[in-house]
Structure formats: C-alpha cells, structure tokens
1. Over the Cα atoms of the range 137-208, Rg to Rh with Kirkwood Rh, two decimal places?
2. What does the charge add up to near Asp213, with Lys and Arg as +1, Asp and Glu as -1, over the other residues with Cβ less than 9 Å from its Cβ?
3. Sort 344-352, 182-190 for me by packing, meaning the mean count of neighbouring Cβ atoms within 10 Å per residue, highest on top.
4. For the range 153-201 and the range 104-126, what is the separation of their Cα centres, given in Å?
5. Name the residues whose placed amide hydrogens come within less than 5 Å of the amide hydrogen of Glu308, ignoring near sequence neighbours (fewer than 5 apart) on the same chain.
6. Give me the percent of accessible area attributable to carbon and sulfur for the range 255-376, probe 1.4 angstrom.
7. Residues of the range 199-346: accessible area per residue at 1.4 Å, in Å²?
8. If I model the range 228-376 as equal point scatterers sitting on the Cα atoms and use the Debye formula, what is log10 I(q)/I(0) at q = 0.08, 0.19 Å⁻¹?
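The values are calculated or read from the model by the stated rules, or taken from the named source; none is laboratory data. These figures come from a predicted structure and were not determined experimentally. FYI the Cβ positions are ideal-geometry reconstructions off the backbone, even for glycines, and counts take in every protein chain you see. Side chains included, ligands, DNA and RNA excluded: accessible areas come from the protein's heavy atoms. Shrake-Rupley method; radii C 1.70, N 1.55, O 1.52, S 1.80 Å.
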Amino acid sequence: MSPPEERDSRQPPPASMPRPAAAAPGRGTAAPGPARLRLRALVVGAAAAVALTACTAEPATTPPGPPTAGPTATGPAPTDAGRAEVVARLAPSVVTVRTGEGAGSGVVYAPDVVITNAHVVGEATEVELTYADGTSSPGTVLATDATTDLAMIRSARTDLPVPEYRTDVPRPGEPVIAIGSPLGFEGTVTAGIVSGLDRQIPGSAAQSRALVDLIQTDAAISPGNSGGALLDETGRVIGINEAYLPPATGAVAIGFAIPAATAVDIAEQLLADGVAVHPFLGARLAPLTPQVREALGVAAQEGALVIEVQPGGPAAAAGVAPGDVVVELAGTEITTREDVLGALRDTEPGLATDIGVLRDGERLDLPLTIGSRRTS
C-alpha cells in the first residue's frame, strides 16, 4: 500500500500512484508576475489534503497471507439468496487488471472492452486481464481520461458478458455490492449502502484529476478495488470504484465511486475519439484559508481563490482576475475549490452563464461563456 495520496483502489507501489498532471483547470502559460508569486507563496502548503489512498495493489510473487481480524464495513443483512444470485451473475463481468507496476480491477463495458480507472493502467499500453473463470488474456489500453480518472482497455477476448449500466442517480440508503480484487483476492465481494451523493474529496482540486461528484458508500473498498464495480441490488452497475479514506484519517468504511452516468459518457467519447471533452474555466484556484484571508484582507469566509488566469481563456474573457474569490458559478454556490469543479461538471461547453466573484469587498457577477478542453 502506498502512502496516502489522491486516488483509491488499485494496489500499487508509489510508482503506480496517479501522477499529478496540469493543476486545476486552465493552468496558464504566462510567466508569473509579482502578484501571482505573492498569491502562490500564500497558498503553498495551505491546502490540507485529506489522505485518500489509491487502490492498486503491488504485484506479488506469493498469494496474500490470511486476513487479520479487524473492523469491517457493515451493510444491510441479506434476507434471502438474492444477493448471492446477483454476485453469481455479475462476477464474470468484473476482471482483474495487471500491469508491471500493480494490479486493480475493471468492469466489462462491451464484449471486448473493459472500463477501469486511469490510475490503474498508469502509463502502460499493454496489460493482462484475468477473468472470473481463471483464464487470462492480453489487453491493450485504448484511451485514458485524466480528468475523470477513467480508461478503456481492448480485450483479446470477444465474448465478455456485458452488465447493465444504470445511469440514473441512486438514492442514499440503497443497498449496494462492490466486486473487485483487493490485495490480490480476485472476485472479492463486499456489501453496504449508498451513504451519500455528489461527494467531493477535500484537497482533491490540487490535482488535475479532482475527485468530485462521487457516490459515497460504506461497502468495504481496499487497495486493488480501483476500477471495480459498484452494483445496485439488482446487479446494475451504478459506479466504478475509485477511492477510499484510509483508517489513518480516522475514517471507517468511507469509499467512493464514479457514477455510472459519468463513466458511460466518458467511455463513449474515448471509444469514439480517443479523447474526452470537458467544460473549461481557465483559472487556477486555491483554498481560501484563514492565513490567506488575513494576508490578503479578504472578508469572504468561503469561496475559491483565483491565483492565476489563463490568457485568452473563458475566465480571462469574463474579467476574472488573480486575487478574486469565486463565490458562485452557473447558479451554484461556491464554498471550496472542489465546488467549482463540481459546478463545471454540470455545465456544457458553450453555455452562457455568470460567475460571481468578490473583489476588494465588492461582489461582481460577470458574464461567462464556458469553454472546452479535450483531455486524454
């Protein structure tokens, strides 16, 4: 297990953890001036990122040892054989994904295509897929999307069973089942409920692959679960398992999954074009900490501090400037950097809307046209 980082469930050594890419959306290319340098100095180290562990497992030459006793996630007790039937039916649709650096999980998307997390495959172009029947085959990484941390793999097998993807939003309290390969234990099943929706991980916006708009679950998710399936009680895929908060943070059974609606949207784009298009703001943001508020004399208690604006980008065209505090975007109240990314996910490129900022104690509502960015 690697030290706490941004991603969840692959089971990698540190080298297989996701690599930070360009920071928050719209990192500018212009050389920083004195104001930008001052803002950067104020925010360096200010974001206390919650430790989030990547769920990829280190390759092992021997099977994992017997599990030790300890606290486990609790979920609704089964009342009949329905859950076991769902697992028996859906287990063949979940695979183990192995690279030279680690292992994770994946879910069948088409008879010859598997979807997984981008941090599971890392920089690999070829992987090994192991199936529920014990057989293995080569896999070729077709495309990845750093923004949503999703990747598509072409399997040498063409007869894989495709599950149903449920793209409507589940309700908190719904029973769920997670299937994956934590710590090399292939086909492991855990159960719980949907604990929450639209979750965002504090500090995740410091990475380009921000964790926002996630499903929270108390079904146990561990290293190696990344890319595996989160199912509803009928066996439909409602999410792709992504991350969990490790016990070192004081968390107990707090895991996260990318909603199936997001996964399907990105998967279709990656399969069609090899890249995905995302709404784009063109501003680099930082948390509005007490130290930053005091140093800059900012009265706002909540919001996202603008520390850099990309020349010619949507934010620049709207008149947003370094030192502004974003408090609203497209009708959504902004209290953190992650709120900005979540609000962007709910827009479309080309949308004409407004962005609300605080500047010198005055609120400005600036007309904004959402831009677009292609990522791979």
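1. Numbers: Rg = 15.9 Å, Rh = 15.8 Å.
So for the range 137-208, dividing Rg by the Kirkwood Rh gives 1.00.
2. On the way: positive: Arg199, Arg345; negative: Asp198, Asp346.
Net of charged neighbours comes to 0.
3. Details: 344-352: 14.1, 182-190: 19.9.
The densest-packed peptide leads the list: 182-190, 344-352.
4. Centre-to-centre distance over Cα atoms comes out at 14 Å.
5. Arg284
6. On the way: 2330 of 5040 Å².
Its accessible area is 46 percent carbon and sulfur atoms.
7. Heavy-atom SASA per residue in the range 199-346 reads 32 Å².
8. -0.30, -1.12
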